[in-house]
Amino acid sequence: MPFISSTWILEYKPDLSRWSLKYEVFGRNVELSWLARNMTPIVRNQKIHWLHWRSLVGLPNRGAVRFFPKSPSSCIVQLTVEYEIPEILAQLNQALKPFMEGLLLKGIESFVAYAKERNSNIPQP
């Protein structure tokens, strides 16, 4: 996603990940970070159908990515994200909504491009 500046899984505890984001909004640089629990993926027929997480410390958020089979080589991806706006930005809530939705959409479009490129490099049977 364009505004996520870093993310990594903790070596000593692989069910946790550390996330950081940096972006500029209304001329101000905003930096936030959080620790998230990577919840157990929902797997059916040896395929991941649902990834989900929730933050433990830092920016309060949680979400899920769901995969719905469309054909043998494609799927529909549904992203759900819930977050609390930091107090410093709370008064800008309505103004930030289109901004955040735009960032999420850019992130999804980037993921789609990555997945298509990655899939084209996998030998097909």
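The values are calculated or read from the model by the stated rules, or taken from the named source; none is laboratory data. Here the structure is a predicted model, which is why all the values come from computation and not from measurement. Please note: Cβ atoms are built from the backbone with ideal geometry, for glycine as well, and neighbour counts cover all protein chains shown.
From 20, 55, 73, 5, which residue is in contact with a strand residue (DSSP E or B) (Cβ under 8 Å, 6 or more places away or on another chain), among the small types (Gly, Ala, Ser) and at pLDDT below 80? I'd like the intermediate steps shown before the answer.
Details: 20 fails: at pLDDT below 80; 55 fails: at pLDDT below 80; 73 fails: in contact with a strand residue (DSSP E or B) (Cβ under 8 Å, 6 or more places away or on another chain).
Of the residues listed, the single one that is in contact with a strand residue (DSSP E or B) (Cβ under 8 Å, 6 or more places away or on another chain), among the small types (Gly, Ala, Ser) and at pLDDT below 80 is 5.
Restricting attention to segment 80-113, which residues are touching a Leu at 6+ places or on another chain (Cβ under 7 Å) and part of a strand (DSSP E or B)?
Passing the criteria: 81, 83.
Residue by residue through segment 1-20, note down the ones that are hydrophobic (A, V, I, L, M, F, W, C), assigned to a strand (DSSP E or B) and surrounded by 14 or more Cβ atoms within 10 Å (Cβ to Cβ). Lay out the reasoning, then the answer.
Restricting attention to segment 1-20, the residues satisfying the condition of being hydrophobic (A, V, I, L, M, F, W, C) are 1, 3-4, 8-10, 16, 19.
Still in the list and also assigned to a strand (DSSP E or B): 4, 8-9, 16, 19.
Matches in segment 1-20: 16, 19.
Out of the residues in segment 21-36 that are surrounded by fewer than 16 Cβ atoms within 10 Å (Cβ to Cβ) and without any contact (Cβ under 8 Å) to a residue 60 or more places away in the chain, which is nearest to residue 65 (Cα to Cα)?
Top of the filtered list is 35.
Can you tell me which of (1) surrounded by 15 or more Cβ atoms within 10 Å (Cβ to Cβ); (2) at pLDDT below 80 is the one residue 66 doesn't meet?
Checking residue 66 against (1) surrounded by 15 or more Cβ atoms within 10 Å (Cβ to Cβ); (2) at pLDDT below 80, the one that fails is (2).
For segment 78-98, name all the residues that are modelled with pLDDT of 75 or more and surrounded by 13 or more Cβ atoms within 10 Å (Cβ to Cβ).
Within segment 78-98, 79, 81, 83 meet the criteria.
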